[in-house]
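So the structure is just underneath, and the comments pick up after that.
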Amino acid sequence: MPRANRKIKAARISVATATGLSVIKLIAGLATGSMAILSSAIDSLLDIFMSGVNLVAITKAEKPADKAHPFGHGKYETLATLIQSSIIALSGLAIIAESVRRLYLGSELRGLEGGIFILGFSIIASWLISRYLLRVARETDSSALKADSLHFSMDVYTNAGLLLGLVVIRLFDIPWLDPILSIAIACYILFEAARLVRHGLRDVLDEELPESIRGEVENLVRAHSDLHLDFHNLRTRRAGSQKIMDFHLTLCRHLTVEEAHRVADHLEKRIEEEIPGSDVTIHIEPCESENCDHEREHCPHREKILPLIDGFSH
């Protein structure tokens, strides 16, 4: 299945899962009167919205470059990540406010056994969908799906904490623990929102790609050292799952424009094959060595690389 289709399929499954979990948690929260379960239901309702945002963003991001967006639409995914983090943070603050109110006014809990069962089911479902989304995100290098996976992973831990708390409340009859648990969940939500903001801002501010990817590019270029004399000024950045990079390549001054273009084109294709999602631009520079006193027809470097160039596919 093409990469774009896999991302869209994963986003659709995420929307469906978030919808199902939010409905059963909302019913359980209203039935038991538990703020902890209601906070988890609110979190799942936000998952629906955020998964929907991801679906739209990924669909937009996979569109090819056009006249208005010559660098493509990859930053739609970054925008989705920032929208998610903002909404996650707001939900965390709202949960804290309601939990503090309940601490002062008190609340009545009932039928916690059903809530415990629902949370157990939610833990399993959230873990399965988070693993699936993370796998697709890694395979397609999608920042939006990574953010979605992170949110479902967060649900696993928060629901596990809630489950334990409800068991304790049920066994020892301490209802004030319910809003305390909600506040703990909200603090964790705010922490995760801050992480998402940091991740999204890296793309907005055109931060360099990880050193591992830069090293891979450099090794690929060095592996073709028989074609060029030097390379420098490697610059990289990210736009969603698209990795944009450019660098300067020094070639023999005696190569024709067509020959130099074929060398650059060959390198660009090799990098894009080895690093999925790459968009490579190479700036060609002529050799300016003062020691080169060969005529074009007798240049040993040109004579050495011409057979290699002729072997490239047009």
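Rule-based calculations on the coordinates, nothing more; no lab input. On a predicted model such as this, the values are computed, not experimentally measured, just so you know. Reconstructed Cβ throughout: ideal geometry from the backbone, glycine too, with neighbour counts over all protein chains shown.
Sorting Tyr76, Tyr104 by the number of Cβ atoms found within 10 Å of their own Cβ, with the fewest placed first, yields Tyr104, Tyr76. Whole-Hz Karplus values for region 256-266 come out as 6, 4, 5, 5, 5, 5, 5, 5, 4, 5, 5 Hz, taken residue by residue from phi with 6.51 cos²θ - 1.76 cosθ + 1.60 and θ = phi - 60°; glycine and proline positions read x.
Kindly flag which residue pairs out of Lys25/Lys243; Lys67/Lys269; Lys243/Lys304 have an alpha-carbon separation exceeding 29 Å in this structure. Where the Cα-Cα span goes over 29 Å, the pairs concerned are Lys25/Lys243; Lys243/Lys304. In a reduced charge model with +1 at each Lys and Arg Cβ and -1 at each Asp and Glu Cβ, region 211-310 shows a dipole moment near 420 debye about its Cα centre.
If you build the Cα gyration tensor of region 211-310 and take the root of 5 times each eigenvalue, what three semi-axes come out, in whole angstrom, biggest first? Kindly include the intermediate steps, with their values, before the conclusion.
Details: eigenvalues 150, 33, 23 Å².
Working through the eigenvalues yields semi-axes of 27, 13, 11 Å.
The residues packed around Ala264, meaning those with a beta-carbon under 13 Å from its beta-carbon, carry a net charge of -4 if Lys and Arg are +1 and Asp and Glu are -1. Amide H contacts under 5 Å for Ser278: Lys243, restricted to partners 5 or more places along the chain or on a different chain, H placed in the peptide plane at 1.01 Å from N.
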